[in-house]
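Data block below; observations after.
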Amino acid sequence: MSISLQSLKRKELVEKLIRSGIKDKKVLEAIGTVKREFFVNDEFKRYAYDNNALPINCSQTISQPYTVAFMTELLEIKEGNKILEIGTGSGYQAAVLKELGADVYSIEKYEELYLKAKSTLENQNYKVTLKCGDGSKGWAEFAPYDGIIVTAGSPKIPDVYLDQLLPLGRLVIPVGDSAVQKIWQVKKGSREGDKPEIKKFSDFKFVPLQWEEGWK
Ligand code: SAH
């Protein structure tokens, strides 16, 4: 498939996202720039610009472009923001965050996915700080963050994520049971002890976040 056909398909995907209610111009621009065909497995390349989740290795998925755009909007990223992603998967979401000018840290549980995402991101010239390990406790070493995005569904919000956010930082996380989740935007208060502001959006379906207190 020629490169120009891929860029045409990328444009069509952006049009589809606009019709689905994605408004943030910078987010749309980022989706219109990242070459999703390099983040999916070879056998799915021809579906790379369908607005669908696709299987990746280790029984995981690259999220649907609409979901990536929706969650990215909720992060309210400004140039230079430090963002932590839990669940690198294919590396696609991390690339979108980089296109928005964020300084990106991302953790993946499976070594196979971590290694593949590392080489994809390097080949596409995205400088992301990656780690293979359990992200259910965040990544204290580089905290605090302006935003944390969790790309796997969780039964609740681990307190540690809020602890690792700056005042007014945003946590975007799918919360629910294993069948269906709502995406929560949790905005940390400006002062210590302030209650976070929570907005919930329905309904989404994610692979589960795997962690000690989580899905057993
Ligand atoms: N953001 C990814 C979507 C990946 S799906 C993308 O753009 O492709 C969610 C990912 O979360 C999976 O790869 C899964 O292995 C990972 N994951 C689940 N539990 C995790 C945990 N506790 N720590 C780190 N990664 C986890």
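The values are calculated or read from the model by the stated rules, or taken from the named source; none is laboratory data. As the structure is a prediction and not an experimental result, all values here were calculated from the model. With ideal geometry, Cβ positions are generated from the backbone for all residues, glycine too; neighbour counts draw on all protein chains shown. Remember, those area values only see protein heavy atoms, side chains included, never the ligands or the DNA or RNA. Shrake-Rupley method; radii C 1.70, N 1.55, O 1.52, S 1.80 Å.
Quick check: is even one residue across the range 185-195 in a loop (DSSP other than H, G, I, E, B) and within 14 Å of the ligand (Cβ to nearest atom)?
Scanning the range 185-195 turns up no residue that is in a loop (DSSP other than H, G, I, E, B) and within 14 Å of the ligand (Cβ to nearest atom).
Just for the range 30-57: of the residues that are of a type outside the set (Gly, Ala, Ser) and within 16 Å of LYS98 (Cα to Cα), which one is farthest from the ligand (Cβ to nearest atom)?
Step one: filter the range 30-57 for residues of a type outside the set (Gly, Ala, Ser), giving 31, 33-47, 49-52, 54-57.
Those still in the list that are within 16 Å of LYS98 (Cα to Cα) too: 31, 33-36, 38-39.
Numbers: ILE31: 12, THR33: 15, VAL34: 10, LYS35: 13, ARG36: 9, PHE38: 12, PHE39: 6 Å.
Among those residues, the one meeting the criterion is THR33.
For LEU162, which of the numbered conditions (1) more than 15 Å from the ligand (Cβ to nearest atom); (2) part of a loop (DSSP other than H, G, I, E, B); (3) closer than 24 Å to VAL180 by Cα fails to hold?
Condition (2) is where LEU162 drops out.
Would you be able to tell me the number of residues in the range 25-49 that are assigned to a loop (DSSP other than H, G, I, E, B) and touching a residue at least 24 places away in the same chain (Cβ under 8 Å)?
So the answer is 7.
Return the residues of the range 115-126 that are in contact (Cβ under 8 Å) with a residue 24 or more places away in the chain, more than 9 Å from the ligand (Cβ to nearest atom) and within 20 Å of SER63 (Cα to Cα); say none if nothing qualifies. Please lay out each step first, then the result.
In the first step, residues of the range 115-126 are kept if they are in contact (Cβ under 8 Å) with a residue 24 or more places away in the chain; the result is 116-118, 120-121, 123-124, 126.
With more than 9 Å from the ligand (Cβ to nearest atom) added as a condition, the list becomes 116, 118, 120-121, 123-124, 126.
The answer is LYS116, LYS118, THR120, LEU121, GLN124, TYR126.
Any chance you could count how many residues in the range 67-105 are open to solvent by 40 Å² or more (accessible area, probe 1.4 Å) and touching a helix residue (DSSP H, G or I) at 6+ places or on another chain (Cβ under 6 Å)? I'd like the intermediate steps shown before the answer.
We begin by selecting, within the range 67-105, every residue open to solvent by 40 Å² or more (accessible area, probe 1.4 Å); these are 73, 76, 78-80, 82, 98-99, 103.
With the extra rule that they be touching a helix residue (DSSP H, G or I) at 6+ places or on another chain (Cβ under 6 Å), the set shrinks to 73, 99.
Here the count works out to 2.
Quick grid of which residues meet (1) closer than 18 Å to PRO174 by Cβ; (2) crowded, with 20+ Cβ neighbours inside 10 Å:
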{"position": "LYS16", "(1), (2)": "no, no"}
{"position": "ARG19", "(1), (2)": "no, no"}
{"position": "ILE31", "(1), (2)": "no, yes"}
{"position": "GLU37", "(1), (2)": "no, no"}
{"position": "ASP50", "(1), (2)": "no, no"}
{"position": "ALA53", "(1), (2)": "yes, no"}
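Exactly one condition in (1) under 27 Å from ILE157 (Cβ atoms); (2) within 9 Å of the ligand (Cβ to nearest atom); (3) in contact with a helix residue (DSSP H, G or I) (Cβ under 8 Å, 6 or more places away or on another chain) is false for THR129; which is it?
(2)
Filter the range 58-94 down to the residues that are farther than 26 Å from LEU168 by Cβ and assigned to a strand (DSSP E or B), then identify the one that is nearest to the ligand (Cβ to nearest atom).
Quick first cut of the range 58-94, residues farther than 26 Å from LEU168 by Cβ only: 58-62, 64-66, 89-92.
Then keep just the ones that are assigned to a strand (DSSP E or B); that gives 61-62.
On the way: THR61: 5, ILE62: 4 Å.
Among those that are farther than 26 Å from LEU168 by Cβ and assigned to a strand (DSSP E or B), it is ILE62.
So which of GLU112, GLU141 ends up being open to solvent by 20 Å² or more (accessible area, probe 1.4 Å), more than 10 Å from the ligand (Cβ to nearest atom) and farther than 20 Å from GLY193 by Cβ?
Working: GLU112 fails: more than 10 Å from the ligand (Cβ to nearest atom).
GLU141 is the lone residue from the list that is open to solvent by 20 Å² or more (accessible area, probe 1.4 Å), more than 10 Å from the ligand (Cβ to nearest atom) and farther than 20 Å from GLY193 by Cβ.
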